[in-house]
1. Could you please let me know if residue 81 is part of a helix (DSSP H, G or I), modelled with pLDDT of 80 or more, loosely packed, with under 14 Cβ neighbours inside 10 Å and not assigned by TED's automatic domain parsing to the domain that holds residue 269?
2. Under 7 Å between Cβ atoms, which residue pairs at least 6 apart in sequence (or on different chains) link something in region 378-390 that is on the phi > 0 side of the Ramachandran plot with a partner that is part of a loop (DSSP other than H, G, I, E, B)?
3. May I ask you to list the residues in region 375-386 that are surrounded by fewer than 17 Cβ atoms within 10 Å (Cβ to Cβ) and either within 18 Å of residue 237 (Cβ to Cβ) or in contact with a strand residue (DSSP E or B) (Cβ under 8 Å, 6 or more places away or on another chain) (or both)?
4. Whether any residue in region 388-395 is under 43 Å from the mean Cα position of the chain (by Cα) and either under 30 Å from residue 326 (Cβ atoms) or at pLDDT 90 or above (or both) is what I want to check.
5. Output the residue which, of all residues in region 271-287 that are closer than 19 Å to residue 196 by Cβ and free of Cβ contacts under 8 Å to residues at least 60 places away in the same chain, is surrounded by the fewest Cβ atoms within 10 Å (Cβ to Cβ).
6. Can you name the condition, by its number, that residue 104 falls short on among (1) on the phi > 0 side of the Ramachandran plot; (2) part of a loop (DSSP other than H, G, I, E, B); (3) touching a helix residue (DSSP H, G or I) at 6+ places or on another chain (Cβ under 9 Å)?
7. Kindly provide the set of residues from region 288-315 that are loosely packed, with under 13 Cβ neighbours inside 10 Å and either at positive phi or free of Cβ contacts under 8 Å to residues at least 40 places away in the same chain (or both), ordered by number.
8. In region 251-279, which residues are at pLDDT below 90 and either outside any helix (DSSP H, G or I) or assigned by TED's automatic domain parsing to the domain that holds residue 82 (or both)?
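The values are calculated or read from the model by the stated rules, or taken from the named source; none is laboratory data. Given the structure is predicted, the values throughout are model-derived calculations rather than measurements. Quick reminder, even Gly has a Cβ in these numbers, built from the backbone with ideal geometry, and neighbours come from all protein chains shown.
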């Protein structure tokens, strides 16, 4: 008679050994019940089952049989085909949402995960190593109290339309976890960041504070700059002009909410734009504003602990100066011929000015977001013309020095070197001899 192989867990093996001891009368039923954590009645039932079916009597009768609630094979094949053709790299929850929302295949995410694992579309992750305890910073109480802001470089468009790595600038509200604005740009430099916050403030108003990292756009990290508190970046200067507090994080974990949002977007946003056929920056920014951000906020945003919006509207003065605030400021000195050099170009100040301009005055050159230049002195914009080349010095203003091509002034032409026996020289020689004799 052939032997039958039975698969048993260690718990079932231990239970089988105890029940066999009861049958051999090595243990009493009450003692076996305590050892197994069962009632005496259950031990009696197991004893009868082992006598009748041996070890097989301890195994559930449905083991090895297909579940009555299993997915029909035709339905499973349909899910596998869709997953492989469209959602091969989608994560568990994301794939389940697409199957339910688009293909009307609503199943428990665990069921979809089992299919993904069986088809090699998903690999189970190993558990992360336990780290030291880190407590979360409580959220701010009200909407607009703090915005967490950062930029993420990633292949957002997966190389479509020749676009390589792009930067996604993103701000989320700390109190609600709501994306308040997102925008694709080339990099995280001064002008893209200024353009982002100018658009933000014109729509939402001024937040109370902005939480950023120590990237060079936001903070000077050199030792000299740290010791000198008057040294500021363009971003810090703009925020100070608008009375917005800028806070620098000392680690990525400090502004972990925006970092975790980027993890989600690098997975979901990339795939959603692929499905929507988004191929350019313009299409991507429009897709973010009209479709993705409303969906994300509806699903993930939470209610703030306190009601109310702490965004402040711009004052009339701030509205008039908004272009000036969000521009790159550079200090220059007015030359003697009333010219200014900036960006390898010479600018001639005209005669008619709204304010008195003197030589050696320090002026501020503002490079606006649209590329225009404004030269300002005491909050007034100066009039200027762009010169085709560097202005030449006038011969009248060039002093005579050694090596100059200009003829010597007449006062110097009449000067003659004193002779060796001139009285001036004799007097000096006598004083030197007297000093030598005294010593």
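1. Values: part of a helix (DSSP H, G or I): yes; modelled with pLDDT of 80 or more: yes; loosely packed, with under 14 Cβ neighbours inside 10 Å: yes; not assigned by TED's automatic domain parsing to the domain that holds residue 269: yes.
Against the criterion (part of a helix (DSSP H, G or I), modelled with pLDDT of 80 or more, loosely packed, with under 14 Cβ neighbours inside 10 Å and not assigned by TED's automatic domain parsing to the domain that holds residue 269), residue 81 qualifies.
2. 378/355
3. Taking region 375-386 as the starting set, the residues that turn out to be surrounded by fewer than 17 Cβ atoms within 10 Å (Cβ to Cβ) are 376, 378-381, 383, 385-386.
Selection gives 376, 378, 379, 381, 383, 385, 386.
4. Going residue by residue through region 388-395, those that are under 43 Å from the mean Cα position of the chain (by Cα) are 388-390.
The next check asks that each one be either under 30 Å from residue 326 (Cβ atoms) or at pLDDT 90 or above (or both); those that pass are none.
Checked region 388-395: no residue is under 43 Å from the mean Cα position of the chain (by Cα) and either under 30 Å from residue 326 (Cβ atoms) or at pLDDT 90 or above (or both).
5. Going residue by residue through region 271-287, those that are closer than 19 Å to residue 196 by Cβ are 280-287.
Add one more test, that the residue is free of Cβ contacts under 8 Å to residues at least 60 places away in the same chain, and what stays is 282-283, 286-287.
Numbers: 282: 10, 283: 16, 286: 12, 287: 18.
So the residue we want is 282.
6. With respect to (1) on the phi > 0 side of the Ramachandran plot; (2) part of a loop (DSSP other than H, G, I, E, B); (3) touching a helix residue (DSSP H, G or I) at 6+ places or on another chain (Cβ under 9 Å), residue 104 is out only on (3).
7. Passing the criteria: 290, 294, 295, 298, 299, 308, 315.
8. Hit for region 251-279 is 251, nothing else.
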